[in-house]
Amino acid sequence: MLSVGTKAPEFILEDQNGKLHSLASLAGKKILLYFYPKDNTAGCSKQASGYSELAEKFAQKGVTVIGVSKDTVASHKKFEEKYDLAFTLLSDTSLAAIKAYDVWKEKKNYGKTYMGVVRTTYVIDESGTIIFANDKVKTADDAQKMLDWLG
C-alpha cells in the first residue's frame, strides 16, 4: 500500500463503457480510488452497492468515486448493469495500476497461496497526492466510513 503524502501514480485505463480515463484527466478533482479483487463476488458486490447508494452524497462533497479491478471491460459492464452502479469502474487487465498502487500481493485462502488484489481504498486530493490509504477494508461499511472520513 502506498503511504499518505505520496504522489498518486498516473494511470490510463478503460471504464465499463470502453472510455479511457487517466489520473491527469482528473486533475483538480478529489478522487476516491478503490481497488477490489473481482466483479460479482459477495464482498465486492456489497462494497460497490454501498458506493452506488451513496454516490449522490460523494458527488455533493465533490468526490469522484472510481473502482478498479483486473476484470475486463465486458465484466465491468455486466457488474454495473446487474447492480445498477452509479460510478466508474476501471479495467486493469495488465495489472499496471494495480501494481503501481501496490495492491498486488501474496494472499492465502484455505491454505492456498496465490497473488491477488488486496482490497484497498485511497483518497487522492486535487493536486494528485494521496491523503488517505486503507488496506483493512470492511466491504459492508467502507462507503459510509469513507463518507464520514471526508466530513
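Summary table below
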| item | result |
| --- | --- |
| Members of segment 56-66 that are surrounded by 16 or more Cβ atoms within 10 Å (Cβ to Cβ) and free of Cβ contacts under 8 Å to residues at least 40 places away in the same chain | 64, 65 |
| Which numbered condition residue 43 fails, given (1) out of contact with any helix residue (DSSP H, G or I) (no Cβ under 9 Å at 6 or more places or on another chain); (2) crowded, with 16+ Cβ neighbours inside 10 Å; (3) modelled with pLDDT of 95 or more | (3) |
| Hits in segment 100-124 (condition: free of Cβ contacts under 8 Å to residues at least 60 places away in the same chain and of a type in the set (Asp, Glu)) | 106 |
| Answer from 69, 49 - the residue that is touching a Pro at 6+ places or on another chain (Cβ under 9 Å), surrounded by 14 or more Cβ atoms within 10 Å (Cβ to Cβ), at pLDDT 95 or above and among the polar types (S, T, N, Q) | 69 |
| Strands (runs of 3 or more DSSP E) enclosed by segment 100-151 - at least 1 residues per element that are modelled with pLDDT under 95 and exposed (fewer than 15 other Cβ atoms within 10 Å of the Cβ) | 104-109, 112-117 |
| Hits in segment 88-99 - residues which are in contact (Cβ under 8 Å) with a residue 24 or more places away in the chain and either surrounded by 14 or more Cβ atoms within 10 Å (Cβ to Cβ) or of a type in the set (S, T, N, Q) (or both) | 88, 89, 90, 91, 92, 96, 97, 98 |
| Pair list, Cβ < 8 Å and 6+ apart or interchain, from segment 1-16 residues that are more than 21 Å from residue 118 (Cβ to Cβ) to residues that are among the aromatic types (Phe, Trp, Tyr) | 16/79 |
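The values are calculated or read from the model by the stated rules, or taken from the named source; none is laboratory data. The structure presented is a predicted model; accordingly, all values stated were derived computationally and were not measured. Cβ coordinates were reconstructed from backbone atoms using ideal geometry, including for glycine residues, and neighbour counts include every protein chain displayed.
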